[in-house]
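Since every read-out is calculated from the coordinates, none of them should be taken as a lab result. Everything quoted here is computed from the prediction, not taken from an experiment. FYI the Cβ positions are ideal-geometry reconstructions off the backbone, even for glycines, and counts take in every protein chain you see.
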Amino acid sequence: MNHPNAPYDPADPYETTETHLERLLGRALNSFDLPDTTVERLESALAHSSSLHASHHSAARHRTTYKHSYLLLDGTTLTLWELVHNSGRDGAERHELYTDESEAALAASRLPLAGGGPGRGKPVDRGQDQIRDEDQGLDLDGDLRLLARLMAKPIPTRPRMYVPDNSADHARRVLRRAENADRPGEETAARLRSAFAHHITQAFGRHCGVGGGSPRAGFTLYEHAFLLLDGSELSLWEVEHTATPDGRHMCEVYVDERAAREAMEHRSRVR
């Protein structure tokens, strides 16, 4: 089952599955986000197969998604989705891993292609509303116009379509990647352990000048809505941006939408 011609890595085509996994996990920037159960299951992988799943190229940017499937000792299979892109400011190639095809597609849609805007990949239908970019095509350069959009009332959306899909672990990973000091605490984390379904919506996304200067920074706001076992709902608001000194991606998570939008406002004015 080992793939004889790796599509982008000139490694030994007859490498063992163990070596393949070591390289795959070692180069992924977000490998620590993989569920512990997934990593434990991969330790029993007997064979693997890799294939090109999707690719999008422009003059200066590219993003490609690969599907890696593994045959495990218990006879089951496990799939990882690898996103490879050069969307950082330094143009270096980066690798990211996801356990779900829709998560890989969502991550790919966040990446800028030619022209500085987010990419437009083929949407993956998982029974949820298609992720929307309410600001695509609008000229929001300038601090005042950016601020107006950040604080604007969100456009009404259709009713949530909750999907049962290891939602408690998804909540754990969202909280785990939060870097803000005022991120949700243990009380919120404890409630989310009973999450059994969730729905993701993109509420804002735009590349703009930070502090009126350049290079351009990206801001994206996502609502992760969770349905809990007691019938209640709880949302995490995730701000992903590149308004950092070195241009790297940073994630901040809040339990309140207004706090998330105020954080974007603050980041838009501070390098």
A correct Karplus calculation of ³J(HN,Hα) over the range 225-240, with 6.51 cos²θ - 1.76 cosθ + 1.60, θ = phi - 60°, whole Hz and x for Gly and Pro, returns 9, 10, 9, 9, 4, 7, x, 7, 10, 9, 10, 10, 9, 9, 9, 10
Extension length gain for residue 86 and residue 258 (0.36 nm per residue less Cα distance), in nm, is 58.7 nm
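As an exercise, identify the GluC sites (Glu not before Pro) in the range 67-105 lying in DSSP coil whose Cβ has no more than 14 other Cβ atoms within 10 Å.
Values: sites: 82, 93, 96, 101, 103; in loops: 93.
Listed in order of number, the matching sites are 93.
Report the gain in length on full extension from residue 74 to residue 230: 0.36 nm times residue separation, minus Cα-Cα distance, nm rounded to one decimal.
Details: separation 156, 0.36 × 156 = 56.16 nm, distance 3.47 nm.
Here the answer is 52.7 nm.
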